[in-house]
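**Q** Below are the structure tokens for one structure; questions will follow.
Where a number appears in this text, it was derived from the coordinates with a stated rule and is not lab data. Just so it is clear, the structure is predicted and the values come from calculations on it, not from any experiment. Backbone-built Cβ (ideal geometry, glycine too); neighbour counts: all protein chains shown.
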Amino acid sequence: MNFWKNSNSRAWMLGVLTGAVFLAAGAFQGQLDVIWRKAVMICLECIGIG
Amino acid sequence: MKKLRLTVQLLFTIVTNGYLYGFLSGKIYRGGLKYACVPGLNCYSCPGAVASCPIGALQALLNQRGFQVPFAALGFFFLFGSLLGRFVCGWLCPFGLVQDLLHKIPIFKKEKRLPGHNILKYGKYAVLIGLVCVGSMFLWGGFAKVPAFCKYLCPSGTLLGALPLLGANGALRSQAGGLFLWKLGILIAIVLLSIKVYRPFCQYLCPLGAIYGWFNRFSLVQIRWEKDRCTSCMACEQACPVALSRQEISRSPECIRCGKCVDACPEKCLHFSGHNFAEQQPS
């Protein structure tokens with residue numbers, strides 16, 4: 001299977017599966033907490049102050 | 001299709017930025033939904049935002065001390081990208097909606113692309129690598145790494161985050177200085193350019209578009225072209241807002257799956273679909 005060159009009908013499923021595995025791995029490492037902590041504080045850089 | 005897309009864009013923007021108390025108080029939502037990312041570019045410091053920005057999330061992970069593969073952010077990219085590709089840009093991104101509306105303003109002669117498009121279109125990859133990835137890992141502000149894309153470029157953050165927050169929060173307003181003026185200048189430039197050129201930020205600068213474009217070739221949602229029924233009238237190519245050819249529609253990293261080609265085809269040989277499994281069988 002040439003994953004990147006061909007529009008393989010199952011490639012999107014592999015992508016979804018990869019996404020789920022990555023999300024689980026990220027959650028296991030506490031990365032969702034990092035994202036949440038950043039997202040619930042006003043991001044001064046984002047608004048051009050920090 | 002045109003009205004359906006606008007309705008979906010408006011509804012999705014309202015739902016994902018529906019924390020009205022934030023707009024009134026100058027504060028942001030702090031609930032559990034912010035563990036998750038929305039698919040489009042939507043600043044998590046927007047007072048109404050109920051979830052996180054995927055590019056902001058990627059940078060937050062890269063901003064940590066040491067290096068960790070940012071699995072959580074990559075997970076969101078793979079999920080949204082594999083299912084939708086740049087359909088996210090065309091239908092679900094609030095800043096895409098803003099640019100779409102600006103382009104409807106009936107002043108200036110409209111252009112699909114900027115001169116030098118074939119070089120400029122790689123700008124979004126440069127932003128992704130240079131600002132989002134390398135910048136967030138190696139640029140320091142004081143004792144902490146900075147989210148370089150958010151800090152120096154993101155116009156969505158200025159429009160959806162900074163302006164409402166500074167408008168409602170006097171304490172923040174008093175701290176705005178040169179950096180805010182820089183970002184406001186970028187926003188104004190993109191706003192003015194959007195009136196003339198179709199979605200200049202999406203075509204040339206958006207790192208999220210660069211990521212989702214990579215998934216366009218194999219995502220579940222596609223625009224199918226029935227070549228056998230095509231009469232080569234070129235109506236689809238004329239309707240395409242980013243000037244793609246029939247062969248490029250849907251699979252090109254530049255296609256945002258807006259569906260204008262589908263509407264324009266008199267033979268109805270273009271249509272949205274999931275993957276057609278029968279069509280994919282080897283002959």
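**Q** Could you give the dipole magnitude of the protein assembly as shown about its Cα centre, charging the beta-carbon of Lys and Arg +1 and that of Asp and Glu -1, in debye to the nearest 20?
**A** The dipole magnitude comes to about 320 debye.
**Q** Taking the dipole about the Cα centre of region B:132-248, with the C-beta of Lys and Arg at +1 and of Asp and Glu at -1, give me whichever of B:W182, B:Q238, B:A168 is farthest to the positive side.
**A** In region B:132-248, that residue is B:A168.
**Q** Follow-up. Starting with the highest mean, order A:22-35, B:167-180, B:89-102 by the number of other Cβ atoms within 10 Å, averaged over the residues of each peptide.
**A** Ranked from most to least packed, the peptides come out as B:89-102, A:22-35, B:167-180.
**Q** Related question: Relative to the first principal axis of the alpha-carbon coordinates of chain B, what is the inclination of helix B:71-84, with its axis defined by its Cα atoms, in degrees from 0 to 90 and to the nearest 10?
**A** Helix B:71-84 sits at roughly 30 degrees to that axis.
**Q** Over the Cα atoms of region B:221-280, compute the convex hull volume and normalise it per residue, giving Å³.
**A** Details: hull volume 4.7 nm³, N = 60.
Considering the Cα atoms of region B:221-280, their hull volume per residue is 79 Å³.
**Q** Here's another thing I want to ask about it. Distance between Cα centroids, region B:125-148 to region B:43-67: provide it in whole Å.
**A** First find each Cα centre; the distance between them is then 13 Å.
**Q** Right, another one. Calculate the all-directions average of the projected area of region B:2-214's alpha-carbon convex hull, and give it in nm².
**A** 12.6
**Q** Which entries of B:K34/B:K121; B:K104/B:K268; B:K34/B:K112; B:K2/B:K121 have Cα-Cα distances beyond 28 Å here?
**A** Check vs 28 Å cut-off fails for B:K34/B:K121; B:K34/B:K112.
**Q** State, as an integer percentage, the relative contact order of region B:2-214 based on alpha-carbon contacts under 8 Å between residues 6 or more apart.
**A** Reported relative contact order: 28 percent.
**Q** Also, quick follow-up: Given charges of +1 on the Cβ of Lys and Arg and -1 on the Cβ of Asp and Glu, with all other atoms neutral, how large is the dipole of region B:2-214 about its Cα centre, in debye to the nearest 20?
**A** So the dipole magnitude of region B:2-214 works out to roughly 420 debye.
**Q** Further question on the same structure: Taking the alpha-carbon distance from B:K260 and a cut-off under 15 Å, which aspartates and glutamates remain once sequence neighbours fewer than 8 residues away in the same chain are dropped?
**A** Straight-distance partners of B:K260: B:D100, B:E237, B:E248.
**Q** Same structure again: Quick one: of the DSSP bridges fully inside the protein assembly as shown, what percent are antiparallel, nearest 5?
**A** Values: 6 of 8 bridges.
Antiparallel bridges make up about 75 percent of those DSSP assigns within the protein assembly as shown.
**Q** Of the options B:C258, B:A72, A:F28, report the single residue whose Cα projects farthest towards the positive end of the charge dipole of the protein assembly as shown (beta-carbon charges: Lys, Arg +1; Asp, Glu -1).
**A** Toward the positive end, the furthest listed residue is B:C258.
**Q** Quick one: angle between helix B:94-103 and the longest Cα principal axis of chain B, in degrees between 0 and 90, rounded to 10, please.
**A** It works out to around 70 degrees.
**Q** So if we plug the beta-carbon distance of B:C230 and B:I188 into 1/(1 + (r/R0)^6) with R0 = 25 Å, what FRET efficiency do we get, rounded to 0.05? Don't skip to the end; give the middle numbers.
**A** Values: r = 42 Å, r/R0 = 1.69.
About 0.05, to the nearest 0.05.
**Q** Just the Kirkwood number for the protein assembly as shown, please: inverse of mean 1/r across all distinct Cα pairs, in Å, one decimal.
**A** Details: mean 1/r = 0.0488 Å⁻¹.
This gives a value of 20.5 Å.
**Q** Between the helical axis of B:178-196 and the dominant principal axis of chain B, each derived from Cα atoms, what acute angle in degrees is found, rounded to the nearest 10?
**A** For B:178-196 against chain B, the angle is about 20 degrees.
**Q** Given the DSSP H assignment, sum -39500 (n - 2.57) over each helix run of at least 4 residues in chain B and divide by its residue total; what's the result at 222 nm in deg cm²/dmol, nearest 500? Let's see the in-between values first.
**A** Numbers: 15 runs with 120 residues, N = 283.
Rounded to the nearest 500, it is -11500 deg cm²/dmol.
**Q** OK, next. Stokes-Einstein diffusion coefficient for region A:9-50 at 10 °C in a medium of 1.306 mPa s, Rh from the Kirkwood formula over Cα pairs: what value in µm²/s? Write out the running numbers ahead of the final one.
**A** Values: Rh = 12.4 Å.
Using the Kirkwood radius from Cα pairs, D works out to 128 µm²/s.
**Q** Shifting gears a bit: For region B:74-171, I need the span (max minus min coordinate) of the C-alpha atoms along each principal axis, in Å, sorted largest to smallest.
**A** Result for region B:74-171: principal-axis Cα extents of 47, 38, 30 Å.
**Q** Hand me the trypsin sites (Lys or Arg not before Pro) from region B:185-283 located in a DSSP loop with no more than 16 other Cβ atoms within 10 Å, in residue order please.
**A** B:K268
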